[in-house]
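Accompanying notes for the structure given below.
The values are calculated or read from the model by the stated rules, or taken from the named source; none is laboratory data. For clarity, every value in this text was computed on a predicted model and none was experimentally measured. We place every Cβ from the backbone using ideal geometry, glycine too, and count neighbours over all the protein chains shown. For the accessible areas, the whole protein counts, side chains as well, though only heavy atoms, and no ligand, DNA or RNA atoms are used. Shrake-Rupley method; radii C 1.70, N 1.55, O 1.52, S 1.80 Å.
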Amino acid sequence: MNAVEVGIIRVTSSCKGCDHCTSICATGAISGEMGEKHHIDLKKCISCGQCLINCPFSAIEDTSMVDTVKRALADPDLFVVVQEAPAVRVALGEEFGLAPGTNVKGKMYAALRRLGFDRVYDTEFAADLTIMEEGTELIHRVFKHLGVAGFEHAGPLPQFTSCCPAWIKYAEDKFPDLLPHISSAKSPQQMFGPIAKTYAAQKLNVHPTKMFVVSVMPCTAKKYECNRPEMMASGYKDVDAVITTRELAAIIKEAGIDFVNLPDETADNLVGLSTGAATIFGTTGGVMEAALRTAYELLSGQTLGKVELHNVRGLKPVREATIDIPIKDLGRTLPVNVCVVTGIKHVDGVIEEVLAGRSPYHFIEVMNCPGGCVNGGGQPIRRDTY
Amino acid sequence: MVSILAEKGGITRRQFFKGAGVLAVVAVVAGVFAKIGIDMFKVSDDYIAKRAAGLYTLDEKMAIRKSHENPEIIQLYKDFLSPGEVKPMTEKAHHLLHTRYGQDIPALLEELRHYQGEAA
Amino acid sequence: MSDVKGKVLKHGEQTRTMHWLHLICFLILGLTGIGFYWNIGWINDLFGGPANASLVHRWTAVVFTAGPAIYILLNFERFSKFIDTISTFTRDDIQWLKTMGGYIPFLKGKVPPQDKYNAGQKILGWVVILGCLLFILTGFPMWLWRHAVSPAFLDFCYTVHFWDAMIMMLAVLGHFFLAAIHPQSRVEFSSMMLDGYVDAGVTAHHNAKWFANLSKLE
Ligand code: HEM
C-alpha cells in the first residue's frame with residue numbers, strides 16, 4: 001500500500017484522550033474531545049511527528065519500514081547504501097545512555113557497516129549539494145530582483161527553504177499561492193537518492209535496479225517524502241526506505257552491537273564527504289548559515305574570515321538578520337535580509353507578509369519542528385525531569 | 001435517664017491553630033506541586049539546545065566548513081552534473097535535483113515519464 | 001449493652017449533607033474513572049460516551065472539590081475540632097491499633113476507651129484528606145493545563161491520580177464495610193447517613209472518652 005495514502009502517523013489504542021497533542025499539532029489534524037480516543041486526519045497531517053514525541057503515553061506511532069530494510073540487507077543481490085542526516089549523530093547516542101548532544105558520528109558509521117550496509121555515505125554530502133543548488137537559485141532570484149539581464153526566469157523573492165518535507169506539505173495544503181517562493185531544490189535526502197542511483201551507481205558499476213537506498217532520519221515526514229510519487233528522478237524510486245534515529249537504535253540493539261565501545265570510523269568516499277556547513281543543517285538556522293557562507297563567498301569573491309553567523313542561531317521561533325554582501329559582478333553591496341522560522345506554528349505571520357508583498361526578506365528558512373531537525377519526530381524521546 | 005447529648009460550640013486556641021495549620025499545609029503542598037510542574041516544564045526542552053550545541057561543536061571541528069569547498073561536490077559537478085566545470089542548475093541538475101510543488105506535480109510526473117522513455 | 005439511655009448528636013446537618021455530597025461525587029468519579037482507565041464501554045455509554053463521561057467526571061470533580069471547601073469555610077470550628085481529634089494520638093490509640101479495635105477475632109486483648117473517633121477512623125480521616133488533595137492537585141492540571149504542561153508532568157499526574165484512586169477506593173470500601181455492614185459498627189450508620197444521632201449506650205461503649213467529656217459538660 002502507498003504510505004502517502006495510509007499516512008505515517010497514527011494514534012494507537014493506548015490513547016487516553018488526555019488531549020495534550022491537539023495543542024502540539026499545528027495543522028489541526030488531530031481531533032477528539034478530552035476523554036475519547038483521538039484521531040489523525042491524514043489529509044491535514046503533515047507527518048512531522050511532533051505529537052508522537054510529545055505524547056505522554058507513547059500512544060502515537062509512525063509507519064515502520066524497518067522490515068523492508070532488513071529484507072534488503074539480507075538480500076545478497078541488492079547493493080544497499082545508507083545515508084544519515086546530520087541531526088542523527090548528536091542524538092543516536094542517547095538511546096545508548098550517552099548525554100544529548102554527544103557526537104557519535106564515527107560509531108554510527110561503524111554500526112551501519114556492521115549491520116551490513118554495502119556503502120555508508122552521508123546525507124551531509126547531499127546537504128552540501130543542496131547548498132550549491134539552492135544557494136545558486138537564491139542568487140538568481142536576487143539578480144532578477146535587481147534587474148540583471150539573463151535572470152528573467154528566476155522565481156520571486158523572498159525564497160523559502162525546501163529541506164523540510166513537513167513544511168512543504170504545510171505550504172502545499174494551506175498556502176498554494178506561496179509555492180513559487182519555495183526553492184525548487186530538493187531536500188538533501190531526495191538529492192542523495194537520484195545521485196546515488198545515477199552517478200554513484202555508474203562509478204560503482206552497480207545497476208540502479210540492484211541499488212537500495214536507505215536513509216536514517218531524525219524525522220517521520222521523511223518517510224512521507226520518499227514516497228511522494230515524483231521522487232523518482234533517477235527513473236526508480238530515489239530513496240527506497242527511511243528509518244528514524246529511534247529505529248536505527250533499535251536495530252543496533254537487536255543486532256547485539258556494543259554501540260558505545262565501537263571504534264570511530266569514517267564514511268565511504270565518493271558521495272560521503274561532508275563539511276561543517278552541512279553538519280549544522282540539523283539545527284534551526286543551520287541551512288541559512290550554510291547558504292550564507294557559500295553565497296557570500298561566491299558573490300563577493302572574497303574568503304570569509306569568520307564563518308559563524310551568530311545572529312541566525314538560537315531557539316527563538318522567529319529570528320531575523322541582515323548581512324551585507326558585496327556583489328563583485330555588480331560592483332555594489334547588497335544588504336541581504338534573512339529570516340529563520342522554527343516551529344511551524346510561527347510561520348503564518350511571515351507568510352502573510354510575503355503574500356501581501358510587504359516582506360522585507362530575501363531568504364527565509366522554515367523548519368517544522370521547534371529547534372529544527374535535532375528535535376524531529378524521529379528522534380529519541382526524552383522525558384527529562386530535572 | 002433519657003437525654004440528648006451534643007457538643008458545645010467554641011474551640012480552643014490549640015484547635016484553631018490545628019485547623020488553620022492543616023489549611024496552611026494544604027496551601028504549601030499545592031505550591032510545591034505547582035513548583036514541580038513548572039520545574040519539569042522548564043527542563044523538558046533543554047535537550048534541544050544540547051543537541052544543537054553538539055552540531056555546532058562538530059562544525060567547528062570539521063576541516064572544511066563551506067559547502068562549495070567540498071572536494072566530492074566539486075568532483076560530482078565536474079564529472080557528472082556539469083562536465084568540466086562547477087556549475088549548479090544545469091539541465092541535468094534540474095532534472096535530478098529540483099522539483100515542483102502542489103498543482104505542478106502532475107506536469108512534473110509527465111516530464112519524468114517522458115525522461116524515462118528517452119533514457120530507455 | 002449499657003445502662004445509659006438516650007441519644008447523642010454526633011454529626012450536624014451540614015456535616016451530613018457534605019458527607020452525602022462527597023459520597024455521591026466519589027461514586028460517580030470512581031465509576032467514570034474506572035471506565036476511562038480500563039476503557040469499559042458500558043460505563044462510558046452510561047454517561048453518553050467517553051467524551052461526555054469525561055465531562056461528567058470533571059464537573060463532578062468541581063463539586064467534589066468545592067463542596068468540602070465551602071463546608072470548611074462555613075464550619076471552620078467543626079473542622080478544627082475534627083483535625084484536633086484526628087491529630088491526637090494517645091497510648092489508647094496505639095493500643096486500639098494493636099488490638100485492631102477488637103474487630104479481628106484472633107487478636108486478643110482489651111480494647112482501650114476511644115475518643116469521638118477511634119484510631120482507625122483517625123487514620124482514615126488522614127487518608128481521605130491526603131487522597132482528596134492529591135486528586136485535586138493532579139486532576140485539575142490534567143484538565144485545565146493539559147495543553148500547557150510538559151508530557152512528563154502529565155504522565156506523572158495521570159499515574160498519581162490512578163494509584164490515588166485505587167488506594168482511595170479500597171479505603172472507602174473498608175470504610176463502607178465497617179460503617180454499613182459489620183454488625184458491631186453499623187450501629188453508627190444513622191449518625192452520618194440519616195438523622196445524625198447515635199444511641200447513647202453505643203457511644204458510651206465505642207467512644208467512651210468522648211462520651212465522658214460530653215456528659216461532664218451536661
Ligand atoms: C478533584 C477531583 C478530581 C478531578 C479534578 C479529576 C479529574 C480527572 C481528569 C481530568 C481525568 C482525565 C481523564 C479524562 O477526563 O478523560 C481523570 C481521570 C481519572 N480519574 Fe479523576 N478527578 C478527580 C477525582 C477523582 C476521584 C475521586 C476518583 C476515584 C475515586 C478519580 C478517578 C479517576 C481515574 C481512575 C481516572 C483515569 C486515570 C487514568 O486514565 O490513568 N478521579 N480525573
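Calculated FRET efficiency, C:Thr90 to A:Ala99, Cβ-Cβ distance, R0 = 56 Å: about 0.55 to the nearest 0.05. Each of the peptides B:58-70, A:101-113 was scored by the mean count of other Cβ atoms within 10 Å over its residues; in descending order, highest first, they stand as A:101-113, B:58-70. On a per residue basis, the convex hull of the C-alpha atoms belonging to the stretch C:1-157 measures out at 196 Å³.
Between the C-alpha center of the stretch C:120-153 and that of the stretch A:185-244 there is a gap of 51 Å. Computed over the alpha carbons of the stretch C:48-90, Rg followed by Dmax gives 16.2, 50 Å. Using a 1.4 Å probe over protein heavy atoms, the accessible area lost on pairing A with B, summed over both chains, comes to approximately 5500 Å². Amide H contacts for A:Phe212 (H built 1.01 Å from N in the peptide plane; partners 5 or more residues away or on another chain; cut-off under 5 Å): A:Phe79, A:Val80, A:Val81. In this structure chain C gives 52 Å² per residue of accessible area when probed at 1.4 Å with all protein chains present.
If R0 is taken as 51 Å, the Cβ-Cβ distance between A:Glu320 and A:Thr385 corresponds to a FRET efficiency of 0.90.
Between A:Arg114 and A:Asp177, full extension at 0.36 nm per residue minus the direct alpha carbon distance yields a gain of 18.0 nm.
Taking label points 7 Å from Cα along the Cα-to-Cβ direction, B:Glu111 and A:Ser13 give a separation of 4.8 nm. Computed 3J(HN,Hα) for the stretch A:271-282, one whole-Hz value per residue from the Karplus formula 6.51 cos²θ - 1.76 cosθ + 1.60 where θ = phi - 60°, is 9, x, 7, 9, 10, x, 4, 6, 4, 6, 3, x, glycine and proline marked x.
Residues A:Arg319, A:Arg71, C:Arg91, ordered by accessible area of protein heavy atoms at a 1.4 angstrom probe radius and largest first, appear as C:Arg91, A:Arg71, A:Arg319. Could you tell me the center-to-center distance, by alpha carbons, between the stretch A:340-386 and the stretch A:262-280 in angstrom? Between the Cα centres of the stretch A:340-386 and the stretch A:262-280 lies a distance of 27 Å.
Its residue count N fixes a reference of 2.2 N^0.38 Å for the stretch A:9-63, and the Cα radius of gyration divided by that reference is 0.95. Within chain A, the selection of entire DSSP H helices by a Cα span of 18 Å or greater along the long axis and an average Kyte-Doolittle value of at least -1.0 returns A:123-145, A:286-300.
Per-residue 3J(HN,Hα) values for the stretch A:78-85, derived from phi via the Karplus relation 6.51 cos²θ - 1.76 cosθ + 1.60 with θ = phi - 60°, read 8, 9, 9, 10, 9, 10, 10, 6 Hz in sequence order (x marks Gly and Pro).
For C:Lys5, the lysines whose Cα comes closer than 25 Å to its Cα, not counting residues fewer than 8 places off in the same chain, are B:Lys8, C:Lys110, C:Lys116, C:Lys209, C:Lys216. Global dimensions of the stretch B:67-119 from alpha-carbon coordinates: Rg and Dmax equal 13.5, 37 Å. The residues of the stretch A:133-175 listed by number as losing at least 50 Å² of accessible area in the complex, against the isolated chain and with a 1.4 Å probe, are A:Glu133. Accessible area per residue was computed with a 1.4 Å probe on protein heavy atoms; C:Lys98 scores about 140 Å².
Counting other C-beta atoms within 10 Å, and keeping those with at most 11, which DSSP coil chymotrypsin sites (Phe, Trp or Tyr not before Pro) do you find in the stretch C:37-133? Passing sites in the stretch C:37-133 are C:Trp38, C:Phe106. For the residues of A:277-287, the average number of beta carbons from a partner chain within 10 Å of their own beta carbon is 5. The angle between the Cα long axis of helix C:119-144 and the main principal axis of chain C comes to about 20°, on a 0 to 90 degree scale. Only protein atoms count toward the accessible area here, which uses a 1.4 Å probe; on the stretch A:9-63, the carbon and sulfur part of that area reaches 50 percent.
Taking the Cα-to-Cβ direction at B:Ala6 and at C:Ser215 and moving 7 Å from each Cα, how far apart do the two end points lie in nm? Spacing of the two 7 Å Cα→Cβ label points: 2.1 nm.
The angle between the Cα long axis of helix C:151-176 and the longest principal axis of the Cα atoms of chain C comes to about 30 degrees, rounded to the nearest 10. For a quick check, take a GNM of chain B with Cα springs below 10 Å and name the residue from B:Gly84, B:Gly37, B:Gly102 with the largest mean-square fluctuation. Of the options given, B:Gly102 has the highest mean-square fluctuation. Pairwise Cα separations in the protein assembly as shown fall into 20 Å bins from 0 onward with the following percentages, short to long: 15, 38, 22, 16, 8, 1.
Taken along the Cα-to-beta-carbon direction at a fixed 7 Å, the label points for B:Asp45 and C:Ala171 span 3.8 nm.
If I take R0 = 25 Å and measure r between the Cβ atoms of B:Asp79 and A:Thr303 in this structure, what FRET efficiency does the formula 1/(1 + (r/R0)^6) give, to the nearest 0.05? Once the sixth-power term is evaluated, E becomes 0.45.
What does the convex hull of the alpha-carbon atoms of the stretch B:10-61 project to on average, in nm²? Please list the in-between numbers first.
Values: hull surface 18.3 nm².
Orientation-averaged projected area of the Cα hull: 4.6 nm².
Per residue of chain A, the DSSP helices (runs of n ≥ 4 H) give a summed -39500 (n - 2.57) that works out to -9000 deg cm²/dmol at 222 nm. Measure up A:Lys174/B:Lys50; A:Lys186/A:Lys316; A:Lys237/B:Lys78; A:Lys70/A:Lys107; A:Lys169/A:Lys345; A:Lys105/B:Lys61 against 23 Å on the Cα-Cα distance and list the ones that go over. In this structure, A:Lys174/B:Lys50; A:Lys186/A:Lys316; A:Lys237/B:Lys78 lie more than 23 Å apart at Cα.
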